[in-house]
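Here is the structure we will look at.
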Amino acid sequence: MKNSFGPGALALLNEIKTKYPTGRAAIMPALYVAQEEFGWLMPEALEAVADCLELPEMTVRSTATFYSMYRHRKAGRNVIRICTNVSCMVLGARTLKGVLEGLYGVAPGGVSPDGRFSLEIADCIGACGSGPAMLVNDDLHTGLDAKKIIEVLENYK
Amino acid sequence: MISITINGKKINIEGPSTILEAAKKNGIDIPVLCHHPALELWGGCRMCLVEIEKMPRLQTSCTVPVADGMTVYTETPRVVAARKAMLEFLLINHPLQCPTCDKAGECALQDLTVRYGAVAGRFEEGKRTFPENVDDPIVVRNMERCIMCTRCVRMCDGVQGAFAIGVVGRGARSHVEPFSGGRYNCEYCGNCLNVCPVGAIMSRLHRYTYRPWQMDKTVRTICPFCGVGCTLSLEIRGDAIQKVSPAFGTGVNNGLLCGRGMFGYGYVGSPERLKTPLLRKNGKLEPASWDEALALAASRLLEIKNRYGGQAIGGIAGSRCTNEENYAFQKFLRAGFGSNNIDSVARLGLLHAQNLLEGVFGQGAAANVIQGIPRSDAVLIAACDPTRTNPVMGLQVRAAAKAGKKVVTIGHAQGLNRHRTHSLPAAFGTEGIALAGLLRELLRTKKFLPGENPELEAAIRGFELPELEEVEMLTGVPPAVITGAASALKDAATSSIIAGRELAASMDARRNFMLLAAIGYILNSRFFLISENPNEQGLIDMGCAPDILPGGRPLTLQTFRERCEQEWGGKLNPEPGLTLMEMFEQAGDTVRAMYIMGENPAFNLPGRKKVKEALGKLDFLVVQDIFMTETASLADIVLPSKAWSEKEGTYTNLEKRVQRLRKALEKDKNQESGMEDWRILAGIGKRAGLNNMSYAASSDIIGEIARVSPLHTGLGLEDLEEDGMMWPYKGKPLRMGGRVPPLPSLRAMASSLDAARVVLEKTLFHSGTLSRHSGALLDIMSGPEARMSPETAGQLGIPEGGKVKISTADGEMVLKAQIEKGLPAGAVFAGNNFGEAGSLGLFGYHLEPESKTPVLTVSDLKIALFEGHIP
């Protein structure tokens, strides 16, 4: 397991540091960099952020755990966020969930055994007009059905 | 002057104050949960809500400042209803485990629930659950009981400066834990559990055995571990200390404690305590009666005196013994046996440091109040780490940093890594040269007002100081860093300087302290000297040194010697005696017998092998102690004494404040018949037919001290009731000072900057001889460690969790490697705490010629990975 930032992430962090008056103020953007670098905010990732910003480790952990949208558990290489709110549900989102479970063995909140996908249930991703919809990492995919979702996900290894 | 009305009572207040403080001062009780006088204001628990006229909403009285004409009501129906509602919210999740909770009886939540009415739950939902965490050897966390007042976190971050715990999660799932989520990796000060108002953070030391209402008594006394002299309270039931409680608002520490003081008390109840006198018979120590032991000690000492003269007897006084005991000890040897061979561990640095400073500024140069440190504009830490050696003084430095004051460290001070503005990381042993650089910069940049001491000024201007480039070559500190630190210091209107043994136990001690004195003079600083032992200062003030008499008067002063002779009824030898190390060097030769009171030289002096051999060469060795120490095991007579909690007396702390020790236990549960050290001396004195050694109580001795010592004239126990008494008590200091010899030239350093070295360090969790018998401290740190940075470990090829073998010409030992960030490269730190692995066994020494202070030396150092089994 790596426990320090690579050169790309370090460059990004150094740039972030110049934009904030104190290390404390830069915790949140630095955590995103760490999450990108390490996959999720494991203790080593928090330590690396603390080291980089010259802050106590506990300060970083307190901040990180306050926010639910950081990943606090091990995630797959690709994060699927599938919407199950009213529009998407009516248009068949639940079936899609079943497809993912059957094909990749990934349940909501979990990671597929091969580490390729993790699945999260999202509450409305703002694509109600063209549901069912999902986010894979930062990409939006709409108008899904059992066939299309497999085609889309084949692009994420 | 501000006038306000609280509950119809008119109150006048001087200066700024919150409503809560004003009410408290006037006997009006407002309940609080999150507020604590030692902590930053929070205003989170809403228990202190009050009604203020002309303000529509209830206000938190802990945060609202008083304003002239304010009318406040603290217990109106509206206020009571609000408090009751707040309690109901807290009790939604708080488990009502009071019958099994250790906090019951002193729990703020319990008291308030009773006061404002038992609150019936109105929720169907279950309470939140968190498994109780018992991963830590000392602290139990029960987060179901936590009410999120954050007192512990504010203590840890804001006061202790350790940042070890924090609030994790949010909303109803918020809880407090350390970074690991399990065991703490912290300074174990225990201050978090001291401020917890409920039973969420508890000590395991008295788990399920402590009930506040079942205590027989609470005794306020002084901590037995270091020279800060913190006030603490002992909770006593039967014949045992149940727990140590802080006494917030009192003492030099204002209630704050460190791990040693908070958790280290267990040694007094150790089953390994000595129980009866022991006499060496046929090479073995065998139990004997007090009568037999005291009579034998008296007759053997007399025999040696008669045969070789009094100077054949050497004595080492005890840094853990009281002023009274140390006074009686030097009198016993001086007047009783005609020997001036009296010394103590103050010889390891404190005495020399003090003498050098007092030589310039006069007696009492380092008698300053610790609580003044955070009020200084700047603090200079010279080659020491107060957060380790004198932890509660270290907190004052951290408080200064928190208040935005300048904190400049010279050399290595790990505990201040987060609390300093400037660091001059001079290599070990070169800190004095960095001081020279700093002085040079200060002289260059600071406007010198025509001072009070023209001679001193002229002397300072005459110093030959190195160029900053030269300083960099020798110390590794770049010129820009020195310039930066000097500019931070030069504008300080008030400043404090803290220095330790390291600068004094050096061949360059005089140079180091002249530089420090010069900097102190220019900055108008107050000085503080680190003092490792609880009564190290008292040793000096009581005359436990070969050339000084009580009150710090030189032995060579005839008039004062005569005064002592008159009081003591014996002739004093006018020739100063041998110093600490000289006594061992001459053992078996001119020194035939030694009397050691509460000290363990076979363990805590450098040149361990030689010291042990020296003890073996003596005709006769008497040791008074509470444990079978390395030294006691070599003795001819071992006399069990009483622990700090079992006797009355006084200690003098590093501020030179005399404070009272109070007897909390008659005798320990495991112990049958230890005697106070002074009583043992009196017993031997009586049997040896000595004059004036009969005392009935410790208070008799302080009465005599008040007659003999010009510094303590008229001092009585009644003067020491509250926070003790500051130097110069009621007496007169000796007029001297103003001597500034020219600066000795800068010596090139013998070792190169990047060579690996072993550094003797003071461990935060252990003090040496006593702490080895404290179960709690052993749980926190169970064995000897060699601490080093990841880089150093890499160079030496030592993996995490590996073992290191360190060997020198003086000894070798195997230690567990502890790899830590933030330590200087090339250094391996080892404390002198655990028997054979006590790191002083690696060091030899040279005597500094002027003061005979032993200066540590290391030769033939080898540090390598050890792959075998530790025997």
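Every number in this text was worked out from the coordinates using simple rules, so none of it is lab data. Please read these numbers as outputs of a predicted model, since none were measured by experiment. No Cβ is skipped: glycine too gets one built from the backbone with ideal geometry, and neighbour counts run over all protein chains shown.
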- prompt: What is the log10 of I(q)/I(0) for the range A:78-153, computed with the Debye formula using one identical point scatterer on each Cα and no solvent, at q = 0.15, 0.20 Å⁻¹?
  reply: -0.41, -0.74
statement: In whole µm²/s, the translational diffusion coefficient that Stokes-Einstein assigns to the range B:189-276, given a Kirkwood hydrodynamic radius over C-alpha pairs, 4 °C and 1.567 mPa s, equals 94
- line: Checking the range A:12-97 for GluC sites (Glu not before Pro) in a loop per DSSP with at most 16 other beta-carbon atoms within 10 Å yields A:E54
message: For a bin width of 20 Å, list the pair-distance distribution of the protein assembly as shown built from all Cα-Cα distances, rounded to whole %.
response: 12, 38, 34, 14, 3, 0
- line: With bins of 10 Å, the percent of all Cα-Cα pairs of the range B:757-866 per bin from 0 is 15, 43, 33, 9, 0
query: Per-residue mean of other chain beta-carbon atoms within 10 angstrom of the beta-carbon, peptide B:162-172?
result: 4
- request: Kindly state, to the nearest 0.05, the FRET efficiency for B:S299 paired with B:N453, given R0 = 51 Å and r defined as their beta-carbon distance.
  value: 0.40
message: Taking R0 as 41 Å, what FRET efficiency do you get between B:E850 and B:M1 from their Cβ-Cβ distance, rounded to the nearest 0.05?
response: 0.10
message: Can you tell me what percent of all Cα-Cα pairs in chain A are more than 22 Å apart?
response: 48
- prompt: When the Kirkwood radius is taken over all Cα pairs of the range B:523-608, what Stokes-Einstein diffusion coefficient follows at 10 °C and 1.306 mPa s, in µm²/s?
  reply: 103
task: Starting from the alpha-carbon convex hull of the range B:2-75, give the projected area averaged over all orientations, in nm².
output: 4.6
message: To test your reading of the geometry: what angle, between 0 and 90 degrees and rounded to tens, separates the Cα axis of helix B:290-308 from the longest principal axis of chain B?
response: 40
- request: Per residue of A:66-75, count partner chain C-beta atoms within 10 Å of its C-beta, then hand back the mean as an integer.
  value: 1
- prompt: Net charge near B:L468, counting Lys/Arg +1 and Asp/Glu -1 over other residues with Cβ under 15 Å of its Cβ?
  reply: -4
task: Give me Rg over Rh for the range B:282-363, both radii from the alpha carbons and Rh done the Kirkwood way, two decimal places.
output: 1.10
query: Given labels modelled 7 Å from the Cα in the Cβ direction, how far is it in nm from B:K84 to B:L861?
result: 7.0
- request: Using only the Cα atoms of the range B:350-529, build the gyration tensor, take square roots of its eigenvalues as a ≥ b ≥ c, and label the shape rounded, prolate or oblate: rounded if a/c is under 1.5, else prolate if a/b is larger than b/c, else oblate.
  value: rounded
Within the range B:758-871: Cβ-based charge dipole about Cα centre, in debye rounded to nearest 20 (Lys, Arg +1; Asp, Glu -1): 140
message: Tell me the angle of helix B:608-617 to the major Cα principal axis of chain B, expressed in degrees between 0 and 90 and rounded to the nearest ten.
response: 50
query: Along the principal axes of its C-alpha atoms, what lengths does the range A:111-157 span, in descending order and rounded to whole Å?
result: 33, 22, 17
query: Arranged by the count of other C-beta atoms within 10 angstrom, fewest first, what order do B:K816, B:K642 take?
result: B:K816, B:K642
Among B:L357, B:P37, B:G569 the positive-end extreme of the charge dipole of the protein assembly as shown (Cβ point charges): B:P37
query: Which residue, chosen from B:A492, B:P466, B:G476, occupies the Cα position most advanced towards the positive end of the dipole of the range B:449-492, where the dipole is computed from +1 (Lys, Arg) and -1 (Asp, Glu) charges on Cβ about the Cα centre?
result: B:A492
query: Roughly how big is the range A:7-66's charge dipole about its Cα centre, with Cβ charges of +1 (Lys, Arg) and -1 (Asp, Glu), in debye to the nearest 20?
result: 260
message: Show me the ranking of peptides B:381-388, B:289-296, B:460-467 by mean Cβ neighbours inside 10 Å, starting with the highest.
response: B:381-388, B:289-296, B:460-467
Shape metrics for the range A:7-66, restricted to C-alpha atoms - Rg then Dmax, Å: 10.1, 28
- request: On each of the three principal axes of the Cα atoms of the range B:134-248, give max minus min coordinate, whole Å, ordered largest first.
  value: 44, 32, 23
- request: Counting other Cβ atoms within 10 Å, keep those with at most 10, restrict to DSSP loop, and tell me which GluC sites (Glu not before Pro) in the range B:799-871 are left.
  value: B:E800, B:E867
query: Around B:C258, what is the net charge, scoring Lys/Arg as +1 and Asp/Glu as -1 over all other residues with Cβ under 10 Å from its Cβ?
result: +1
task: For the protein assembly as shown, build the charge dipole from Cβ charges (+1 Lys, Arg; -1 Asp, Glu) around the Cα centre, then report which of B:L847, B:L665, B:L442 sits farthest towards its positive end.
output: B:L665
- prompt: Going by alpha carbons, how many degrees (0 to 90, nearest 10) lie between the helix axis of B:391-402 and the longest principal axis of chain B?
  reply: 50
Scaled radius of gyration (Cα, divided by 2.2 N^0.38 Å) that chain B gives: 0.99
- request: Could you pull the Cα extents of the range B:443-505 along its three principal axes, largest to smallest, in whole Å?
  value: 35, 29, 25
task: Rank the residues B:M542, B:M725, A:M42, A:M69 as a footprinting-exposure proxy: fewest other Cβ atoms within 10 Å of their Cβ go first.
output: A:M69, A:M42, B:M725, B:M542
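Note down the magnitude of the dipole of the protein assembly as shown about its Cα centre, charges +1 on Lys and Arg C-beta and -1 on Asp and Glu C-beta and zero elsewhere, to the nearest 20 debye.
That gives a dipole near 1500 debye.
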- request: Give me a single rounded figure for B:176-189: the average over its residues of other chain Cβ atoms within 10 Å of their Cβ.
  value: 2
